[in-house]
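A.B. asks: Let me begin by handing over the structure; questions about it come next.
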Amino acid sequence: MTTPLRSLFDFNGGVKPDYHKDASTRLSIGVLSAPTEVPTELVIPLHQSIGGTPRPIVAVGEQVKKGQRIGDADGDVSSAVHASTSGTVSAIEMRRMPHPSGLSSLCVVLETDGRDEWIACQAFDHKLATPQEIRDYLRDCGVVGLGGAVFPTHLKLNADRQGGIETLIINGAECEPYITCDDMLMRERANDIVRGVVLMREILGAKQVRIGIEDNKPEAIAAMQVAVGDCGDDLQVVVVPTRYPAGGAKQLIRVITGIEVPHGKRSIDYDVQCFNVATALAIYEAIGLGRPLISRIVTVAGNVDAPRNFDVLIGTPIKKIIAACSPLPDTNRLIMGGPMMGVEMPGDEVPVVKATNCILLGSNKIFPPPAPEMPCIRCGECALACPADLQPLELYWFSRAKIFGKAQEYHLFDCIECGCCSYVCPSNIPLVDYYRFAKSEIWAREKEKSLADEARDRFEFRQFRDVRDEQEKSARLAARAAAAAAAKQLATTDTVAIPNTEASTEANEKAALIAAAIARAREQQVTATPQNMQQLSAEQLAEISAIEARRAEIREQAKPHLPPDA
Amino acid sequence: MAHNSPYLTKASSVQSVMLRVVLALIPGIVAYVWFFGPAVLIQLGLASFTAIAAEALVLKLRKRPIWRFVSDGSALVTAWLIALSFPPLGPWWLIVVGTLVAIIVAKHLYGGLGQNPFNPAMVAFALMIVAYPLLMSRWPNVATSINFQQACELIFGASTMDAITSATPLDTLRTALHGADASTTIQTVLAKTPRLGHGWDWIAGGYLLGGLYLLQQRIITWHLPTAFLLSMALLAGVSNQLDPAHFNGVAFELLSGGTLLAAFFIVTDPVSSCTTPRGKLIFAAGVGLMTWVIRHFGGYPDGIAFAVLLMNVAAPLIDMYTQPPVFGQKSDMKPKHD
Amino acid sequence: MFEAILVMSVGAIVLGAALGYAAVKFRVEGDPLVEKIDAILPQTQCGQCSFPGCKPYAQAIARGEAEINQCPPGGEDGIRKLADLLGREFKPLSAEHGIEKPKAVAVIDEQTCIGCTLCIQACPVDAIVGAAKQMHTIIAEQCTGCELCLPPCPVDCITMETLHETVETWKWKYPVVTLHPAANLQ
């Protein structure tokens, strides 16, 4: 119940930067409630988790309620998305994403109606459900890992495992500087978190449960201990030493159980499963209250006058929460995530998504531009700091020289991009940037290669098929010719139209057929109204006519190429 | 350049690393001056000036940012290591040529900071001892104290130094042991020169102090100096046990010559040595072995320079074969399920 | 003198024998050259190289009958790789075979398509589905962008659409090395 005297394990490397966590924990978790703060438009990206992009299941103009599903999971490795409040779907279009590329992705744009009207929420009885039903339910509730990786949670809550798992770890370590969303969540909503943990434990059949919290969060530890004491289940709050990145899933598993989960293996292979505290809460809300994941806690910190945590609806433009914290005028960058692993945002209109744990405002004062890069002197600081026990200096060399095979041999993909190596590098080398570059280049090449291989296979099969068809055809023709010759001998007078084997005749016939088809198609286009257009709303008809206009344009352009008399 | 995460950096730079190395050399230099007079200070000045001038010149020729690289302090470290490993009363051009070789040939022709496969200071030492063996083995006699003026005269060629120089303890021993008289033993030599080695052990102590500071500052790790000193001690201990008449004892071996300077400042050069923990152990033990072999069986009194250069060649290969297991790949980690 | 020659000769014979043995014993069966060349080619199967597909072009290169700069989809990058593999001199892309274009996929305007199946027959990788008098469509993931379906279409309803970068295909850029510009502060 309370922290027992049990030995913890250690992971190599790690760093101890300044944490800057106090500023944003002075105020309680806020909500954008003032009329000026409430967003009038929510931009809800469909792709918010690892895996397939959900398909939109609402139409433009449709009224939706808070919690209504608007995007259906695409396959099992995917997660549904929901309307975060009630309102009208005003567009389904490409909008800029909270992604360093600044590229757009398909979003459902919701015009809020201010009523914040929930769908009918009904708790889910997981005890009566089959494991598959639990998975489907959580997938449709859009529950994903809220620690930042947004891995669909239902894939990790595997209930049909024989005998359950050994250890369920709840990650409340929150090791990255500035971020305090999990800290505040544990302080304020410890009971709900614990309820979610108990649910997860029941689903997973975990023998023991450890809630890991870094020792720089005494209030959260105390709150969680009280909640754990009240719940009546034998959960344990484990206080882990503060060191970045102790909150990385693999590192926390290592610290608490001593198990190292290598790259390419899942923790479940080692009988351990790890979830973030916010995910636990989301599970409680989904199963216990029947509410899908439509909001999350976001820390706003850095170059703001009043850093604070907010409970934010998914899809809220980040400028709304930034404005609530009085940003300082010298702000020069917006970062989603923390200062170690965060990514720069292309603008302040991008929405809060399920992965947004923190919006960090930067200035040249807080995050000074890096000193000029010096050559690597192989001092080995990076290797000492690497929590994945890699040799970052070798990876740097290979990535920089674009020797990707070697980089992979030196375990490039074991790198968790925690940034410790860049942090300690006396030569100010942006090491992680080199690894990011090398990784995305390797991925792209592998994808290209697999596409090329597929194209080759398909081409070769086609050639094989052509040859086979040719052989079969000539065999058939020979047989037919023989039959025809036999028939001729029998009845010389009434000659049946024997298929002419000469290619030119065949081609002529075909051309005539095509010409007739073109004529028919033209006629149809002019006269027919498809049956499925009879019961549509005015907007839909308008949209269709717009599309028709575009098509007409294309047809105009295509006309000179059409055969004149067809 | 787009600046991506991490946005936080630790306050450290190549410059601060290099300056702390320079700082760590000071106790040794103080002891050096105490026992052998201020001559070494002149050599330090000569080497520093030459190194920085050469560095700036080459950077200009290579069209690199001059100030950024001159101020990184790496040339200064090389210069000081050269000054401390060259004989203090050698003529001025000896150290100037040595430093030029180190900076221009050993460092910049290979690509400059971070790119040199060989330790520049040791390249300079090895080249000069091959080219000028006599000048490179004349060391001041402990008994004579030399003041600043005398030192200037000697270094800048106004007088000769035969009267006040002698060989180092290592040199004395090897000359005696390899002399015509086969009956000479270490003991007979030591009986003749009772103060042999005096002063050198204090300088070694100074280097040790500096080395401990570097360890405390986490600029070097324990692997390199420990493996180097242990391998030397082990070899000296065993050989001395087997043949005390011809092989030095552990203390003598560790305190004489540049053993401790090498242990903490030369073997630990990050650029040209190994970087993996096991690699460092192998590298340094290899330097220790080679040094001992050259000291006792080779043609030169002290073999550290050659030993370091030989192991420099092997360093990339050692690194390649000693990559530590990455997270989760230690042998005791087996999944319970697959 | 004679001894020295003898010693050297014996040494040479022994070493030669050892090398010969090693060459036989540890022989590495490498990929045949054609396979290696084919692996570099983009498998667009577009025929712009004037050979009917990537494999025939690879064979022609291996026989020394074709230049390495006849593949526009492979682009400069591909030519460099071929040059590396074959130890030939790099050459810019030969203009008569086409120009390097960004990767594109064919799209059928389904409204105009008359279902003639001509494009289906032209597609080298079977990436078009459809049947006679039925609307055709292109499986975008399998389209190599070879443009071979464009000429046979009697109603010109196929267009090439350039593939744009998406959030999923976006790549981190190579960090700019700020060492070279000489910022001389002196």
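A.B. asks: Looking at A:Gly52 and the list (1) modelled with pLDDT under 90; (2) out of contact with any Leu (no Cβ under 9 Å at 6 or more places or on another chain); (3) over 30 Å from A:Ala388 (Cα atoms), which single condition is not satisfied?
C.D. replies: (3) is the only condition that A:Gly52 fails.
A.B. asks: Let me ask something else. Give B:Leu135, B:Leu100, B:Leu94, B:Leu154 a once-over and let me know the one that is open to solvent by 60 Å² or more (accessible area, probe 1.4 Å), assigned to a helix (DSSP H, G or I) and either away from chain A (no Cβ under 14 Å) or out of contact with any Phe, Trp or Tyr (no Cβ under 7 Å at 6 or more places or on another chain) (or both).
C.D. replies: Going through B:Leu135, B:Leu100, B:Leu94, B:Leu154 in turn, just one is open to solvent by 60 Å² or more (accessible area, probe 1.4 Å), assigned to a helix (DSSP H, G or I) and either away from chain A (no Cβ under 14 Å) or out of contact with any Phe, Trp or Tyr (no Cβ under 7 Å at 6 or more places or on another chain) (or both): B:Leu100.
A.B. asks: Okay, next question. Any idea how many residues of region A:121-160 are open to solvent by 50 Å² or more (accessible area, probe 1.4 Å), over 16 Å from A:Ile50 (Cβ atoms) and among the charged types (D, E, K, R)?
C.D. replies: Residues in region A:121-160 being open to solvent by 50 Å² or more (accessible area, probe 1.4 Å), over 16 Å from A:Ile50 (Cβ atoms) and among the charged types (D, E, K, R): 4 in total.
Residues are listed down the side, and each one gets a yes or a no for (1) open to solvent by 30 Å² or more (accessible area, probe 1.4 Å); (2) within 22 Å of B:Leu127 (Cβ to Cβ); (3) over 13 Å from the mean Cα position of the chain (by Cα):
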residue	(1), (2), (3)
B:Gln241	yes, no, yes
B:Pro244	yes, no, yes
B:Ser256	no, no, no
B:Thr259	no, yes, no
B:Gly279	no, no, yes
B:Met290	yes, yes, yes
B:Arg295	no, yes, yes
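A.B. asks: Among the residues of region C:123-144, which ones are buried (at least 17 other Cβ atoms within 10 Å of the Cβ), within 11 Å of chain A (Cβ to nearest Cβ) and aliphatic (A, V, I, L, M)?
C.D. replies: Within region C:123-144, C:Val125, C:Ala127 meet the criteria.
A.B. asks: Got a sec? Which strands (runs of 3 or more DSSP E) wholly within region A:1-120 have at least 2 residues that are open to solvent by 50 Å² or more (accessible area, probe 1.4 Å)? First the steps, then the outcome.
C.D. replies: On the way: elements: A:41-45, A:69-72, A:87-96, A:104-112.
Passing ranges, in order: A:87-96, A:104-112.
A.B. asks: Let me ask another. Taking A:Gly229, is it outside any helix (DSSP H, G or I) and open to solvent by 20 Å² or more (accessible area, probe 1.4 Å)? Even if it seems obvious, please write down each step before you answer.
C.D. replies: Working: outside any helix (DSSP H, G or I): no; open to solvent by 20 Å² or more (accessible area, probe 1.4 Å): yes.
So A:Gly229 fails the test.
A.B. asks: Among the residues that make up region A:305-325, is at least one of them open to solvent by less than 30 Å² (accessible area, probe 1.4 Å), within 14 Å of chain B (Cβ to nearest Cβ), over 19 Å from the mean Cα position of the chain (by Cα) and closer than 28 Å to A:Glu417 by Cα? Spell out the reasoning first.
C.D. replies: To start, the set of residues in region A:305-325 that are open to solvent by less than 30 Å² (accessible area, probe 1.4 Å) comprises A:307, A:309-310, A:312, A:314-318, A:321-322, A:325.
Going one step further and asking which of them are within 14 Å of chain B (Cβ to nearest Cβ), we end up with none.
No, region A:305-325 contains no residue that is open to solvent by less than 30 Å² (accessible area, probe 1.4 Å), within 14 Å of chain B (Cβ to nearest Cβ), over 19 Å from the mean Cα position of the chain (by Cα) and closer than 28 Å to A:Glu417 by Cα.
A.B. asks: Give just the number: which of (1) free of Cβ contacts under 8 Å to residues at least 24 places away in the same chain; (2) among the aliphatic types (A, V, I, L, M); (3) at the interface with another protein chain (Cβ under 7 Å from one of its Cβ atoms); (4) within 23 Å of A:Gln463 (Cβ to Cβ) does C:Val167 not satisfy?
C.D. replies: So C:Val167 meets the others, but not (4).
A.B. asks: While we're on this one: Pull up region A:16-40, narrow it to residues that are of a type in the set (Val, Ile, Thr) and within 28 Å of the chain's Cα centre (by Cα), then point me to the one that is nearest to A:Met184 (Cα to Cα). Give the derivation first.
C.D. replies: Of all residues in region A:16-40, those of a type in the set (Val, Ile, Thr) come to A:25, A:29, A:31, A:36, A:38, A:40.
Add one more test, that the residue is within 28 Å of the chain's Cα centre (by Cα), and what stays is A:29, A:31, A:38, A:40.
Numbers: A:Ile29: 7, A:Val31: 13, A:Val38: 22, A:Thr40: 27 Å.
That would be A:Ile29.
A.B. asks: For region A:385-424, which positions are small (Gly, Ala, Ser), surrounded by 21 or more Cβ atoms within 10 Å (Cβ to Cβ) and assigned to a helix (DSSP H, G or I)? Full working, then the answer.
C.D. replies: Residues of region A:385-424 small (Gly, Ala, Ser): A:385, A:388, A:399, A:401, A:405, A:407, A:419, A:422.
Right, trim to surrounded by 21 or more Cβ atoms within 10 Å (Cβ to Cβ) and you get A:385, A:388, A:399, A:407, A:419, A:422.
Listed by number, the residues that qualify are A:Ala385, A:Ser399, A:Ala407, A:Ser422.
A.B. asks: A further question on this structure: Tell me, yes or no, whether region A:251-267 has at least one residue that is outside any strand (DSSP E or B), closer than 20 Å to A:Leu185 by Cα and away from chain B (no Cβ under 14 Å). Quick ask: steps written out before the conclusion?
C.D. replies: As a first pass, look at region A:251-267 and keep what is outside any strand (DSSP E or B): A:251-267.
Narrowing the set further to residues that are closer than 20 Å to A:Leu185 by Cα leaves A:252.
Retained after the next criterion (residues that are away from chain B (no Cβ under 14 Å)): none.
No, region A:251-267 has no match at all.
A.B. asks: Right, here's the next one. Tell me the helices (runs of 4 or more DSSP H) entirely within region C:1-82 that contain at least 1 residues that are touching a residue at least 24 places away in the same chain (Cβ under 8 Å) and β-branched (Val, Ile, Thr).
C.D. replies: Numbers: elements: C:2-25, C:33-40, C:54-62.
Per the criteria, C:33-40, C:54-62.
The values are calculated or read from the model by the stated rules, or taken from the named source; none is laboratory data. For clarity, every value in this text was computed on a predicted model and none was experimentally measured. In this analysis, Cβ positions are derived from the backbone assuming ideal geometry, glycine residues included, and neighbour counts consider all displayed protein chains. The accessibility values were calculated without ligands, DNA or RNA, using every heavy atom of the protein model including side chains. Shrake-Rupley method; radii C 1.70, N 1.55, O 1.52, S 1.80 Å.
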